[in-house]
Amino acid sequence: MDIMNNLQIYNWITPERITLLVRFLLTLVIGFPLIKLLNKIIMKFLGKYLNPQSEMVAERFIWYTLLVILVVSALNQLGFKLSALLGAAGIFGVAIGFASQTSFSNLISGMFMISEKSFSVGDVIKIGGTTGIVLSIDLLSVKLRTFDNQYIRIPNENLIKSELTNISKFPIRRTDFEIGVAYHSNLRNVEKVIKEVINDNHFALKEPSPLVTIVNFGDSSINFKIGVWATKENFIDCSNSLKMDLFERFQAENIEIPFPQRVLSISDNDHNLIQQALTIKNSLKEKSSID
Amino acid sequence: MKIFDPMNFQENESKKIKIHRLEFWLRYTGESWELSYHYQNEYDNFSIENNCSFEPFKTEKWVFSEPYPTIFLKPVLADKPVLTEFKNPTSVLAGEKICLFEQIPASIDIMIKTPKKEIKLKQLSIIPEQLTWLGDPLDGELCYHDTAEAVFNEKLIQYQSGAIICPIIINNQSNHTYPLKQLVIRTEFLGIFIKNNQLWTNMMKIEYYGDDKENPIDILPLENTVQLTPPREDIRQQSRLIKRISNFRSFIS
């Protein structure tokens, strides 16, 4: 049997087949470093025009395209018919396609997102209830690190469908908050004090000018809206220190920040009713003490 | 100027130095330098107080393997452009050429001298720095804000300790009045000089033809002066920056 098998192998190994095999191996051996070099050259050229994120995606795309071309060329050397291969790939592709619709959706969404440049690695984004720093933008998903150090993977499809806020897109931001003062306050003095506090704040930008305006006459207080610009790096420090400074300064200037309150007006009829209720209450008290 | 002369410290010696609103303490322990500083509400002249107690406000410490008892102060311009708002806005009439003198706050580099080189320990501004934004919120530039009085006669300058006088020539070659409310001093292109025991920068010369035209700006050397600090960036060698600086709007807004 062994002799028969050996004979079959020897019959199969013909000089033509050895030539084909050598050509196949040569294509791979020469082609592999060649496509690596080609990829490097293309990326060196494209790198001038792309940001690091797009560069990473483009590099992967070009690499896999070149690799497919190389493998197809190598198989062609072995005598595989490309049309048959593509036909088989087509059938295989349909099967794979049905099985991986979500992945393709994410892939296409990823392509659109990268071309849109809504955010890049290092930006702080908010999507739904999640806020975090972008760690990477990949073909299928975006990875975030939240401020309490959780790793979150968001599929690209979700990002394309949802409203996304890029918190750190622009170099400066405005911190907005409201503060209420009592109705008996001298409003012009309050405005002056708020402006002085903003002016003295180390993190607040002088320009664009801060906003100090009365927004409404609330149930318990007159409410001022304050909007102060700060660099995105100083944003939280600015917001925090301003609130502390304002609180301290209001206390020093005797400007009251009122608690929620209700004013009760008592008419004569209500007064009589209260008197009756008090009489009943006192009589009940006396009775209980005698018992 | 005496304040910028090297100072030799004995072991465990402290000195208190006041420049404008900045008050700081330096202590040398033999193997380390300690610095503590704060800003006063009112400004003061230059003063050095020897053998005083070290007040721990914001304290920093630098440790060395070798003893380096010599320290000196070096005046430098702020690390960002300074946007100065004039207390009394002035207009430059069409066809007029004026020279204004503006004082901007200096920063101080605290340097130690080693046998091989000079090492910067810390840079401190002589006043607390106030940030502002120049230009569009989308792509403007972060600057320091300052309020100053524009003086148009050199003899009328009331020099404040620690300030640097910046002489600026504006030649209004347009056919309309130019309102001068604020001015941006691009500190990176200016050097510091000593003239009459005062700190000066290079002279800036602005030819104004109109907002929609090219308005060339020259940085000129000061005559009869001693250069103390060279500019951080050489304007002649940086074509990209020349384009940026040649925009008159980046100087006056």
Tabulated pairs, the range B:156-175, first farther than 17 Å from B:I126 by Cβ and modelled with pLDDT under 90, second acidic (D, E) and part of a strand (DSSP E or B), C-beta under 8 angstrom, 6+ apart or interchain: none
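Can you go through A:I172, A:I198, A:I154 and tell me which one is touching a Leu at 6+ places or on another chain (Cβ under 9 Å), closer than 25 Å to A:F119 by Cα and within 14 Å of chain B (Cβ to nearest Cβ)?
Details: A:I198 fails: closer than 25 Å to A:F119 by Cα; A:I154 fails: within 14 Å of chain B (Cβ to nearest Cβ).
That would be A:I172, the only listed residue that is touching a Leu at 6+ places or on another chain (Cβ under 9 Å), closer than 25 Å to A:F119 by Cα and within 14 Å of chain B (Cβ to nearest Cβ).
Kindly check whether there is at least one residue in the range B:167-182 that is out of contact with any Phe, Trp or Tyr (no Cβ under 7 Å at 6 or more places or on another chain), aromatic (F, W, Y) and more than 14 Å from chain A (Cβ to nearest Cβ).
Here is the first cut: in the range B:167-182, the residues out of contact with any Phe, Trp or Tyr (no Cβ under 7 Å at 6 or more places or on another chain) are B:168-169, B:175-177, B:179.
The next check asks that each one be aromatic (F, W, Y); those that pass are none.
No.
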Scope the range A:225-254; condition in a helix (DSSP H, G or I), free of Cβ contacts under 8 Å to residues at least 60 places away in the same chain and of a type outside the set (A, V, I, L, M); matching residues: A:D237, A:N240, A:S241, A:D245, A:F247, A:E248, A:R249, A:Q251
Restricting the range B:67-98 to residues that are hydrophobic (A, V, I, L, M, F, W, C), surrounded by fewer than 17 Cβ atoms within 10 Å (Cβ to Cβ) and in contact with an Asp or Glu (Cβ under 8 Å, 6 or more places away or on another chain), the residue that is nearest to B:I217 (Cα to Cα): B:F86
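Which residue is farthest from the other protein chains (Cβ to nearest Cβ), if the candidates are limited to the range B:141-166 and must be of a type in the set (D, E, K, R) and surrounded by fewer than 16 Cβ atoms within 10 Å (Cβ to Cβ)? Before the answer, list the steps.
From the range B:141-166, those of a type in the set (D, E, K, R) are B:141, B:146, B:149, B:154-155; that's our starting set.
From the residues that got through so far, the ones that are surrounded by fewer than 16 Cβ atoms within 10 Å (Cβ to Cβ) too are B:149, B:154-155.
Details: B:E149: 18, B:E154: 29, B:K155: 31 Å.
Going through the qualifying residues, I end up with B:K155.
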Flag for A:I96 being under 30 Å from A:L159 (Cβ atoms) and in contact (Cβ under 8 Å) with a residue 12 or more places away in the chain: no
All positions within the range B:73-124 that are touching a residue at least 60 places away in the same chain (Cβ under 8 Å), over 16 Å from B:T187 (Cα atoms) and among the aliphatic types (A, V, I, L, M): B:L73, B:V92, B:L93, B:A94, B:I98, B:L100, B:I110, B:I112, B:L121
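Is it fair to say A:F203 is under 29 Å from B:V82 (Cβ atoms), without any contact (Cβ under 8 Å) to a residue 40 or more places away in the chain and within 14 Å of another protein chain (Cβ to nearest Cβ)?
Values: under 29 Å from B:V82 (Cβ atoms): yes; without any contact (Cβ under 8 Å) to a residue 40 or more places away in the chain: yes; within 14 Å of another protein chain (Cβ to nearest Cβ): yes.
Yes, satisfied.
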Residues (surrounded by fewer than 14 Cβ atoms within 10 Å (Cβ to Cβ), assigned to a helix (DSSP H, G or I) and of a type outside the set (D, E, K, R)) located in the range A:29-65: A:V29, A:I30, A:P33, A:L34, A:L37, A:I41, A:F45, A:P52, A:F61, A:Y64, A:T65
Residues satisfying the stated conditions in the range A:109-160, i.e. under 21 Å from A:E233 (Cα atoms) and of a type in the set (F, W, Y): A:F119, A:F147
Hits in the range A:255-270 (condition: part of a helix (DSSP H, G or I) and surrounded by 10 or more Cβ atoms within 10 Å (Cβ to Cβ)): A:D270
Check on B:N172, surrounded by 20 or more Cβ atoms within 10 Å (Cβ to Cβ), more than 13 Å from the chain's Cα centre (by Cα) and of a type in the set (S, T, N, Q): yes
Output for the range A:35-58, where each listed residue is farther than 21 Å from A:F112 by Cα, out of contact with any helix residue (DSSP H, G or I) (no Cβ under 8 Å at 6 or more places or on another chain) and of a type in the set (A, V, I, L, M): A:L37, A:I41
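The values are calculated or read from the model by the stated rules, or taken from the named source; none is laboratory data. Just so we're clear, the structure is a prediction, and the values are computed from it rather than from any experiment. Quick reminder, even Gly has a Cβ in these numbers, built from the backbone with ideal geometry, and neighbours come from all protein chains shown.
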